[in-house]
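Enquirer: One structure is given below, represented as structure tokens, and several questions about it will come after.
The values are calculated or read from the model by the stated rules, or taken from the named source; none is laboratory data. Note that the structure is predicted; figures quoted are calculated from it, not measured. We place every Cβ from the backbone using ideal geometry, glycine too, and count neighbours over all the protein chains shown. Side chains included, ligands, DNA and RNA excluded: accessible areas come from the protein's heavy atoms. Shrake-Rupley method; radii C 1.70, N 1.55, O 1.52, S 1.80 Å.
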Amino acid sequence: MRVVIAEDSVLLRDGLTRLLTDRGHDVVAGVGDAVGLLKAVDELAAQGAPPDVVVADVRMPPTHTDEGVRAAVQLRRDHPAVGVLVLSQYVEEQYATELLAGSSRGVGYLLKDRVADVREFVDAVVRVAQGGTALDPEVVAQLLGRSRKQDVLAGLTPREREVLGLMAEGRTNSAVAKQLVVSDGAVEKHVSNIFLKLGLAPSDGDHRRVLAVLTYLNS
């Protein structure tokens, strides 16, 4: 896996680099600001060797507000085949919603605390690089808990909401079943009900598990 890391903290950037390289992945660039991130990905793509995934901080120089997430959104537009995983100190709903709008492939939003769980973090990076999603449980809970979404959620049972939250984290049906201590068949039934209530018909081109979450974010 080829990775570009964008993080203005040299200590954290070096730590992420070491964490990933120790597990056999190739960190092809490490930068400290959004301009450097966009330049690095553009140059690698021009060489015919774009990264598989970018790991970027939401806030970077010069203002430390939204440079990182805006760069991430631009990358998703300019290089749709490159996965983008952003890291944030806190749940910032506006940034998460902006990042998740549009294509549902290869996107992630995690709190920095998750990096402490090395296995979980690396799994998330790999999942995003492969075109999947990785949403922090706290991000999912906050986004789906908005009052303006309650009318959309009203048709789901409490268990279906719980299943949807775990789906949004990128978990498979088997993983959801293990977490909830129920059978795979029970989870499959809940998932089918969620799709039905959200009006998500079968499609070969879209990942309904992700669309089920994005329906709330974009409604």
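Enquirer: If only one of Val182, Val176 is outside any helix (DSSP H, G or I), modelled with pLDDT of 85 or more and open to solvent by less than 70 Å² (accessible area, probe 1.4 Å), which one is it?
Expert: Numbers: Val176 fails: outside any helix (DSSP H, G or I).
Within the list Val182, Val176, the selection yields Val182.
Enquirer: In the set Arg159, Arg119, Arg171, which member is modelled with pLDDT of 75 or more, basic (Lys, Arg) and not in a helix (DSSP H, G or I)?
Expert: Answer to the selection: Arg171.
Enquirer: Hey, another quick one. Considering only the stretch 29-39, I want to know if a residue exists there that is touching a residue at least 24 places away in the same chain (Cβ under 8 Å), buried (at least 16 other Cβ atoms within 10 Å of the Cβ), out of contact with any Pro (no Cβ under 7 Å at 6 or more places or on another chain) and within 17 Å of Thr133 (Cα to Cα).
Expert: No, that holds for no residue.
Enquirer: Still on this structure: Please determine whether any residue of the stretch 76-98 is of a type in the set (Gly, Ala, Ser), part of a helix (DSSP H, G or I) and either over 16 Å from Ala129 (Cα atoms) or in contact with a helix residue (DSSP H, G or I) (Cβ under 7 Å, 6 or more places away or on another chain) (or both).
Expert: yes
Enquirer: In the list Gly24, Gly30, Gly36, which residue meets the criterion of being small (Gly, Ala, Ser) and in a strand (DSSP E or B)?
Expert: Gly30
Enquirer: I'd like to check something: does the stretch 44-54 contain any residue that is part of a loop (DSSP other than H, G, I, E, B), in contact (Cβ under 8 Å) with a residue 12 or more places away in the chain and under 11 Å from the mean Cα position of the chain (by Cα)?
Expert: No, because not a single residue in the stretch 44-54 is part of a loop (DSSP other than H, G, I, E, B), in contact (Cβ under 8 Å) with a residue 12 or more places away in the chain and under 11 Å from the mean Cα position of the chain (by Cα).
Enquirer: Further question: May I ask you to list the residues in the stretch 1-21 that are assigned to a strand (DSSP E or B) and either of a type in the set (A, V, I, L, M) or touching a Lys or Arg at 6+ places or on another chain (Cβ under 7 Å) (or both)?
Expert: Matches in the stretch 1-21: Val3, Val4, Ile5, Ala6.
Enquirer: Somewhere in the stretch 83-97, is a residue modelled with pLDDT under 90, surrounded by fewer than 18 Cβ atoms within 10 Å (Cβ to Cβ) and of a type in the set (Val, Ile, Thr)?
Expert: yes
Enquirer: Starting from residues that are open to solvent by less than 70 Å² (accessible area, probe 1.4 Å) and farther than 23 Å from Arg208 by Cα, keep the ones in the stretch 98-124 and report whichever is farthest from the chain's Cα centre (by Cα).
Expert: Only one residue fits best here, namely Val118.
Enquirer: If you take the residues of the stretch 134-156 that are surrounded by 14 or more Cβ atoms within 10 Å (Cβ to Cβ), assigned to a helix (DSSP H, G or I) and not hydrophobic (A, V, I, L, M, F, W, C), which of them is modelled with the lowest pLDDT?
Expert: Going through the qualifying residues, I end up with Lys149.
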